[in-house]
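Can you read through this structure? Questions will come right after.
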Amino acid sequence: MLYKDRMKIKWINRTKRYYESLGYTFTKQYDEFEVLIKDLLPTCVQRIELLCDTDDCNEVYTMAYRDYYNRKDPYQKDYCKKCMRRSGQPPSEDFLKGMYKEFKKKGYTLLSNENYKDNNSPLNFICDEHKDYGEQTTSWRMFNQVEDRANCKLCRKEKFLISFKETYSTKHDIKEKIRESFRKSYMERYSNKKLEEMLSSLDLVYIPSQPHTEYFQPITFICPSHREQGIQETNLKNLNRRMFPCKYCMLEYRSESTTGSKSSSWKGGVSNINRYIRDSAFIDDWRKNSFEKYRYKCAITNVNGYLELHHPYSLSRMIKDCIDELNIELKDTIGEYSDCDLSRIKSYIKDKHDEIDGIPLVPEIHSLFHKLYGNDNTPDQFDDFQHRLNDGEFEGHFLLGKNLKEVN
């Protein structure tokens with residue numbers, strides 16, 4: 001059962017609107033306030049206090065409210081870790097006697113279960129195959145979870161080594177194993193003729209090691225594509241798992257597949273110039289002048305505080321117009337442009353900024369605008385947005401936090 005029906009939590013922006021809708025009065029960010037546990041959000045991870053329902057226990061323990069809320073049976077009783085498995089009932093005699101038989105089936109000898117109270121109670125046993133190792137400890141829960149003969153530490157270690165030997169050892173010549181790995185890894189990067197040349201030269205540069213029977217034994221080789229890097233080392237495990245045996249080939253592949261036009265966020269090269277322009281000194285002056293013109297207040301709500309500056313004519317659109325008018329080819333990186341081209345781009349964007357002023361907006365209104373109109377914007381879109389705001393179309397919108405009329 002619940003030990004207390006109330007608890008203290010803090011005000012945060014993410015849950016503010018939810019608790020205000022339940023009648024709680026907001027004070028300020030990160031202030032503590034008292035809330036009924038039944039009013040907590042279903043996803044709340046705050047830990048609540050519970051009282052164990054076992055008659056002779058009455059221990060107070062904690063649980064995340066999310067786990068408490070998501071229980072299959074909302075009317076079930078609450079038991080602490082000591083009582084949760086036996087549900088407050090003492091173990092039967094038949095159950096205790098059956099423990100010895102179950103341990104014997106796995107090849108263990110249970111020494112005593114007199115101290116058994118729940119499934120987490122320690123149980124001492126001796127493995128029949130490793131008697132010299134002495135007493136070992138497990139619990140009834142762990143005994144039933146692990147596979148056959150895996151409660152003993154030595155049995156578990158032996159099983160681990162055997163499984164890895166079967167997985168990573170090979171009956172084939174290790175040279176053939178490396179050749180197969182190279183063929184599979186480089187098939188898409190090179191033509192068939194080039195690939196066969198690499199594989200033929202691989203035999204000449206391969207440096208033999210000791211016989212390979214274990215997955216962790218080192219394999220030394222020289223990559224035909226990176227001979228200048230010298231001897232490299234790998235093992236059977238890495239040959240089975242990695243995309244490329246050579247780490248330098250792997251670095252090249254990552255660089256080729258995640259930069260420039262092959263990047264998932266590639267937008268034709270505009271983003272590189274966008275970042276370059278935003279870091280320019282004239283942008284800082286333009287931002288300062290725009291805020292001063294509006295006296296550091298939101299252009300719509302007329303409130304102070306944290307503000308974001310909106311481009312009425314988006315910077316990405318300016319850059320596209322600049323590239324078209326100046327007839328400059330888009331490049332993958334800023335370093336590929338000549339100094340002359342960069343100077344022409346910067347001069348064009350600066351002149352465009354001189355013709356417009358930035359518009360300070362509170363973050364909620366700025367987010368709502370871009371949610372409706374996207375990021376490639378024009379001044380006409382902002383005028384339309386203002387008319388819709390004045391007509392009350394967005395009153396009570398969840399992004400705005402509260403009615404705009406109340407703000408004004």
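The values are calculated or read from the model by the stated rules, or taken from the named source; none is laboratory data. Just so you know, these numbers come straight off a predicted model, no measurement behind them. Using ideal geometry, Cβ is built from the backbone for each residue, glycine included, and neighbour counts are taken over all protein chains shown. The accessibility values were calculated without ligands, DNA or RNA, using every heavy atom of the protein model including side chains. Shrake-Rupley method; radii C 1.70, N 1.55, O 1.52, S 1.80 Å.
Quote the FRET efficiency, to the nearest 0.05, computed for LYS247 versus ASP55 with a Förster distance R0 of 45 Å and r equal to the Cβ-Cβ distance. Please report the intermediate quantities before stating the final value.
Working: r = 64 Å, r/R0 = 1.41.
So the FRET efficiency works out to roughly 0.10.
Follow-up question, since we're still on this one. State the extension gain, in nm to one decimal, for the chain segment bounded by HIS387 and ASP357, taking 0.36 nm per residue of separation less the distance between their alpha-carbons. Write down the numbers at each step before the final one.
Working: separation 30, 0.36 × 30 = 10.80 nm, distance 1.93 nm.
Fully extending the segment from HIS387 to ASP357 adds 8.9 nm.
Can you tell me which of 313-320, 292-299, 343-350, 359-366 comes out highest on packing, and rank the rest after it, using the mean Cβ neighbours within 10 Å? Could the numbers behind the result be given before it?
Working: 313-320: 18.6, 292-299: 14.4, 343-350: 16.6, 359-366: 20.5.
Highest to lowest by the protection proxy: 359-366, 313-320, 343-350, 292-299.
In addition: Want the number for SER21 to ARG47: 0.36 nm per residue separation, take away the alpha-carbon distance, what's left? Spell out each step's value before the answer.
On the way: separation 26, 0.36 × 26 = 9.36 nm, distance 2.30 nm.
Stretched out fully, the SER21 to ARG47 stretch lengthens by 7.1 nm.
As an exercise, use a Förster radius of 51 Å and the Cβ-Cβ distance of GLU180 and LYS38 to find the FRET efficiency, rounded to the nearest 0.05.
Working: r = 63 Å, r/R0 = 1.23.
Efficiency, rounded to the nearest 0.05: 0.25.
Right, here's the next one. Over region 302-357, with the other protein chains present, what is the accessible area per residue in square angstrom, probe 1.4 angstrom?
Details: 3220 Å² over 56 residues.
Value returned for region 302-357: 58 Å² of accessible area per residue.
So who's got an amide H within less than 5 Å of the one on TYR24, skipping anything under 5 residues away but keeping other chains? H placed 1.01 Å off N, in plane.
Residues meeting the amide H criterion: none.
Could you pull out the pairs from LYS16/LYS350; LYS8/LYS297; LYS117/LYS157; LYS77/LYS153; LYS10/LYS288; LYS28/LYS352 whose alpha carbons sit more than 32 Å apart here? Each step should come with its number before you reach the end.
Numbers: LYS16/LYS350 41 Å; LYS8/LYS297 35 Å; LYS117/LYS157 30 Å; LYS77/LYS153 37 Å; LYS10/LYS288 35 Å; LYS28/LYS352 41 Å.
Cα-Cα > 32 Å for LYS16/LYS350; LYS8/LYS297; LYS77/LYS153; LYS10/LYS288; LYS28/LYS352; rest within.
Please give the residues of region 323-340, grouped as numeric ranges, whose backbone N is less than 14 Å from a label point set 7 Å along the Cα-to-Cβ vector of TYR276.
So the set is 323-324, 326-340.
Could you run the Karplus curve 6.51 cos²θ - 1.76 cosθ + 1.60 with θ = phi - 60° over region 134-142 and give me ³J(HN,Hα) per residue in whole Hz, x for Gly and Pro?
x, 5, 10, 10, 9, 10, 5, 5, 5
Still on this structure: Need one number: nm distance between label points at LYS131 and GLU308, each 7 Å from Cα along Cα→Cβ, rounded to one decimal.
My value for the distance between the label points is 7.4 nm.
Students often check this: by mean Cβ neighbours within 10 Å, which of 301-309, 241-249 ranks highest, and how do the rest follow? Mind dumping the intermediate values first?
Details: 301-309: 13.8, 241-249: 16.2.
The most tightly packed comes first, giving 241-249, 301-309.
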